[in-house]
Each structure stands twice: as C-alpha cells, then as structure tokens.
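Visitor: Starting off with a structure, shown below.
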Amino acid sequence: VLQGYAAEMDNPLMAHLISPELQNKKDILFGNMEEIYHFHNRIFLRELETYVEYPELVGRCFLDQMEDFQIYEKYCQNKPRSESLWRQFSDSVFFQECQRKLDHKLSLDSYLLKPVQRITKYQLLLKEMLKYSKNCEGAEDLQEALTSILGILKAVNDSMHQIAITGYDGNLNELGKLLMQGSFSVWTDHKKGHTKVKDLARFKPMQRHLFLHEKAVLFCKKREENGEGYEKAPSYSYKHSLNMAAVGITENVKGDAKKFEIWYNAREEVYIIQAPTPEVKATWVNEIRKVLT
C-alpha cells in the first residue's frame, strides 16, 4: 500500500491521473500508516522473533512496546476523514491503475482497514495464549499485556466518539483526559426556572451521551447518521458541560439501582442519571469519585 499507492501519489509519471482535489491529500488518505509499518518492521517484528523459542514469554514483548501501540489511536481517529475522502474518489483512474499494477483483488479501502482490524486482533491472540499458559512463567506478563491492550482499545473507541462531538466552542483537549463515555437517561431538577418546567422535567427523561473528562463532564445529544461504514457513526451535538471542580455526586437514588445523581453548585442544578445497568453505574460512580478526590 505504501509503495504501490502512497508513493505513487508523488510519482510525476502518475500525476496526470490524479484529480486536483486529491493532490496533497496523501496524509488524510493514509493517516500515519507509514509510522505503523515502520514500528512493526523495525521494532515489533524483531522483538517478536526473539521469542520464537519461548512463545509463552511474548507478553514481555508487548509490555516493552506498549507506548508505541498508541500510534493506532492516531490512525483510527483519522479514519473517518480518510473514508470520506476515499468515497469521493474511489472510482478515480489513479486508484484503478495502481490496483491493476499491484494485481490486487481488493481495492485500497480494504487495506486501509487493516490497521483497525489489527489492533482489535491482539487482544484475541493474547486471550488465546493465556488460556494455554495458566501456570507457566510469563502468564503474569501475558495478563498485563492483555489489560494494557484492552486499555488502548478503550482509548481508541472513546476517542472515535469524542471526535464526533459537534458544537463545542472550546478546545476539548483542554478538558484533560477522556475517562468514560456512554449513553444515559437524564432527568433535571433545577432550583431556578418555572415550576411547570420542573414538574415536566421530573417525568420525561432526556437521552444524553455523557463524556467524562478530568476537568468537565459534557452532556451531548446523539444523532444517528445514515450512510455506510463510519458514515453510520453517530455524531453528538454538544448541549452543556459541568466543571468537575463544582460537581458533587449522590451514589444512590432510592428506588433504582441504576440511578445516581450529579449535582452542581451546591445542588442548584441536579441531574438524575440512569445507567443501562447497575454495573455501568458502578463504573461511572467510581471514575467520578476518583476525579473528585
């Protein structure tokens, strides 16, 4: 892909096949695939090869390189931009010509999906290896490697949702790390405002997608998109946010094990939040408590 497509975009002999709108868009189309390729070729593959005789110790190899695996997050974040560009130009003569020369049965988009598929496969591989390595040396490293890879997958998944937030004025990066994201039913009960609003609010929940950052929690409304692939991915229109410095939490709301309360400015605003399951509630309550303490 890097030699047969990416490099060809800079080949003067192919320039006449590339439409002007596609020129200079190489970075969008391929993201940091080259970085991923070099990491595997120069570092990870060589490391793996040193464990050929001792496969049960391979967990160590993952742990040593765990930071490098974050390059996948960058690739996945760029993927929606890459896909929308591909859809515009998929029938371009340039791509057809490259595919013909490479004698590939599949078109470029199938290969651009590979890194996304690859990062999700590691956890399956590690789980499988753990199954057969229960009591041997290296089992702890395999377990730790699995936990770390699952952490990276969660970060990739969360960041894919985060880049779909629209309508937020500030810079999301200034809110600190994204810790959790998910969909909830939310009731509001504010001291200000008309009593009518208050009564109405009590009965009818709003569906909100919450993003918990270290410095703020964002409330967004999820909009389902129509389309293929990443186009189907929802977008989230920003409604409001609460600064974590002024947030309080009530863990138990009587009558429902799935509900908890987030309140703001000494209960001036109260949000009753219902999670899909008691387990999801527990995870969120723990994360929020960590931020608050």
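The values are calculated or read from the model by the stated rules, or taken from the named source; none is laboratory data. Quick caveat, the model's predicted, so the values are computed rather than measured. Here the Cβ positions follow ideal geometry from the backbone for every residue, glycine too, while neighbour counts run over all protein chains shown. Calculation scope for accessible area: heavy atoms of the full protein, side chains included, ligands and nucleic acids excluded. Shrake-Rupley method; radii C 1.70, N 1.55, O 1.52, S 1.80 Å.
Visitor: Regarding LEU63, is this residue in contact with a helix residue (DSSP H, G or I) (Cβ under 7 Å, 6 or more places away or on another chain), touching a residue at least 40 places away in the same chain (Cβ under 8 Å) and closer than 30 Å to LYS134 by Cα?
Guide: It is true that LEU63 is in contact with a helix residue (DSSP H, G or I) (Cβ under 7 Å, 6 or more places away or on another chain), touching a residue at least 40 places away in the same chain (Cβ under 8 Å) and closer than 30 Å to LYS134 by Cα.
Visitor: Restricting the search to the stretch 10-34, which residues are open to solvent by 30 Å² or more (accessible area, probe 1.4 Å) and within 29 Å of the chain's Cα centre (by Cα)?
Guide: Scanning the stretch 10-34 gives GLU21, GLN23, ASN24, LYS25, LYS26, ASP27, ILE28, GLU34.
Visitor: Taking the stretch 270-289 only, how many residues are in contact with a Ser or Thr (Cβ under 9 Å, 6 or more places away or on another chain) and surrounded by 18 or more Cβ atoms within 10 Å (Cβ to Cβ)?
Guide: Residues meeting the conditions: 4.
Visitor: Please find, within the stretch 1-39, the residue that is farthest from LEU112 (Cα to Cα) out of those that are among the hydroxyl-bearing types (Ser, Thr, Tyr) and touching a residue at least 40 places away in the same chain (Cβ under 8 Å). Break it down stepwise before answering.
Guide: Initially, the stretch 1-39 is screened for residues among the hydroxyl-bearing types (Ser, Thr, Tyr), giving 5, 19, 37.
Narrowing the set further to residues that are touching a residue at least 40 places away in the same chain (Cβ under 8 Å) leaves 5, 19.
On the way: TYR5: 11, SER19: 20 Å.
Among them, the one singled out is SER19.
Visitor: Something else: Can GLU174 be described as assigned to a helix (DSSP H, G or I) and open to solvent by 30 Å² or more (accessible area, probe 1.4 Å)? Break it down into steps so the answer makes sense when it comes.
Guide: Details: assigned to a helix (DSSP H, G or I): yes; open to solvent by 30 Å² or more (accessible area, probe 1.4 Å): yes.
Judged against the criteria, GLU174 is a match.
Visitor: Here is a follow-up. So, in the stretch 52-102, how many residues would count as being outside any helix (DSSP H, G or I) and open to solvent by 40 Å² or more (accessible area, probe 1.4 Å)?
Guide: Here the count works out to 5.
Visitor: How many of the residues in the stretch 179-201 are at pLDDT below 60 and either open to solvent by 80 Å² or more (accessible area, probe 1.4 Å) or in a helix (DSSP H, G or I) (or both)? Please lay out each step first, then the result.
Guide: Pass one, the stretch 179-201, residues at pLDDT below 60: 193-201.
From the residues that got through so far, the ones that are either open to solvent by 80 Å² or more (accessible area, probe 1.4 Å) or in a helix (DSSP H, G or I) (or both) too are 194-201.
The total comes to 8.
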